[in-house]
Amino acid sequence: MRRKIIAGNWKMNMTPSEAKELVATLKDLVNNPEVDVVYCVPAIDIVPVVEAVKGTNVEVGAENMYIEEKGAYTGEIAPAMIVDAGAKYVIIGHSERREYFNETDEFLNKKVLKAFEHGLTPILCCGESLEQREAGVTLDWIRLQIKSDLQNVTAEQAASMVIAYEPIWAIGTGRTATTEQAEEVCKAIRETIAEIYDAATAESIRIQYGGSMNAKNCDELLAQPNIDGGLIGGASLKPDFGRIVNYQK
Ligand code: 13P
């Protein structure tokens, strides 16, 4: 059985002081020994948040990283810095990075490989635009993203990673994908993993849904056979996040 993984993506929110306060507010709410809980936080918050979650079940992730080891890349964060700061996960290929920072699948594939080199678990995001959904090309598009982003990733590595399906039209809009839509795409992602690798790898990889997941709709989404967790934006900054971690089975 795959363990559920509920991750918050704080995006560009929370100063270091606010981050410590939020961790304290959520502390007693995110206790669920059956679920992996991750806070993916802005780079500047990683150190204080790692410190603040010590002794709890919460792990920390970065929201982004660069593909080089070190050097003259002003403003970028190296994977070794993330690891040394105590984070275990890294979000790769969020649609906001693809859209606003022109991150291509070729570049994201390098990031995925680099994350594994450093022992970080990638949370690789994929998702279609509204135009693509309306044109009926969602599944083809998602398969293409997954296949491109996982070039040269081994089966063992793929089995240990997380993929987040986030339809772009559902992010921050309050417009959640229906349970059927979310399950259909997560199932297709698992089938794609089986096609690239094998059935065992597909059984093992964890697939999250993200896009306006909240305290109200989480139970139904998380009940789906191919949805192994959530990547939560807005609701991860509120006590609601605790309700999602303690979803009702
Ligand atoms: P919202 O939960 O705010 O829609 O954001 C989803 C998301 O982008 C998580 O990565």
For this session: Give just the number: which of (1) open to solvent by 50 Å² or more (accessible area, probe 1.4 Å); (2) over 13 Å from Pro122 (Cβ atoms) does Ala52 not satisfy?
Result: (1)
Problem set entry | Residue pairs meeting the criteria (Cβ under 7 Å; at least 6 apart or on separate chains; first touching a residue at least 24 places away in the same chain (Cβ under 8 Å), in region 98-109; second open to solvent by less than 40 Å² (accessible area, probe 1.4 Å)) | Asp105/Gln145; Asp105/Ser148; Asp105/Asp149; Leu108/Ile92; Leu108/Gly93; Leu108/Asp149; Asn109/Ser148; Asn109/Asp149
Exercise. Would you say Ile189 is at pLDDT 95 or above and touching a Cys at 6+ places or on another chain (Cβ under 7 Å)?
Worked result: no
For this session: Take the residues in region 143-174 that are modelled with pLDDT of 95 or more and hydroxyl-bearing (Ser, Thr, Tyr), then tell me which one is farthest from the ligand (Cβ to nearest atom).
Result: Thr154
Problem set entry | Options Ala177, Ala223, Ala235, Ala215; residue that is away from the ligand (no atom under 11 Å from the Cβ) and either touching a helix residue (DSSP H, G or I) at 6+ places or on another chain (Cβ under 6 Å) or closer than 30 Å to Pro42 by Cβ (or both) | Ala215
Problem set entry | Selected residue (criterion: least open to solvent (accessible area, probe 1.4 Å)) from residues of region 124-162 that are touching a Ser or Thr at 6+ places or on another chain (Cβ under 9 Å) and among the charged types (D, E, K, R) | Glu128
Exercise. Which of the residues belonging to region 109-132 are within 16 Å of the ligand (Cβ to nearest atom) and either of a type in the set (A, V, I, L, M) or over 23 Å from Ser160 (Cα atoms) (or both)?
Worked result: Ile123, Leu124, Glu128, Ser129, Leu130
For this session: Would you please name the residue that is most open to solvent (accessible area, probe 1.4 Å), looking only at residues in region 163-212 that are assigned to a helix (DSSP H, G or I), within 11 Å of Ile146 (Cβ to Cβ) and in contact (Cβ under 8 Å) with a residue 24 or more places away in the chain?
Result: Ile196
Exercise. Does Glu203 satisfy the condition of being more than 16 Å from the ligand (Cβ to nearest atom), modelled with pLDDT of 95 or more, farther than 12 Å from Asp228 by Cβ and charged (D, E, K, R)?
Worked result: no
Problem set entry | Residue list for region 213-238, restricted to those being charged (D, E, K, R) and either under 21 Å from Met14 (Cβ atoms) or open to solvent by less than 10 Å² (accessible area, probe 1.4 Å) (or both) | Asp228, Lys238
Problem set entry | Within region 27-55, tally of residues that are under 20 Å from the mean Cα position of the chain (by Cα) and closer than 22 Å to Ile77 by Cα | 13
Seminar exercise, completed: Across region 126-143, the tally of residues that are of a type in the set (Gly, Ala, Ser) and touching a helix residue (DSSP H, G or I) at 6+ places or on another chain (Cβ under 6 Å) stands at 2
Problem set entry | Pairs with Cβ under 8 Å, 6+ apart, first in region 1-21 and touching a residue at least 60 places away in the same chain (Cβ under 8 Å), second open to solvent by 10 Å² or more (accessible area, probe 1.4 Å) and part of a helix (DSSP H, G or I) | Arg2/Glu203; Arg2/Ser204; Gly8/Leu237; Trp10/Leu237; Lys11/Glu96; Asn13/Leu237; Met14/Leu22; Met14/Leu237
For this session: Pull up region 86-104, narrow it to residues that are within 22 Å of Pro48 (Cβ to Cβ) and among the small types (Gly, Ala, Ser), then point me to the one that is surrounded by the fewest Cβ atoms within 10 Å (Cβ to Cβ).
Result: Gly86
Exercise. Restricting the first residue to region 32-45 and requiring it to be free of Cβ contacts under 8 Å to residues at least 24 places away in the same chain and of a type in the set (A, V, I, L, M), which pairs with a second residue that is within 16 Å of the ligand (Cβ to nearest atom) and assigned to a loop (DSSP other than H, G, I, E, B) meet a Cβ separation below 6 Å and a spacing of at least six or different chains?
Worked result: none
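The values are calculated or read from the model by the stated rules, or taken from the named source; none is laboratory data. Just so it is clear, the structure is predicted and the values come from calculations on it, not from any experiment. Virtual Cβ from ideal backbone geometry, glycine too; neighbours counted across all protein chains shown. Just so you know, the surface numbers come from the protein's heavy atoms only, side chains and all, with ligands and any DNA or RNA stripped out. Shrake-Rupley method; radii C 1.70, N 1.55, O 1.52, S 1.80 Å.
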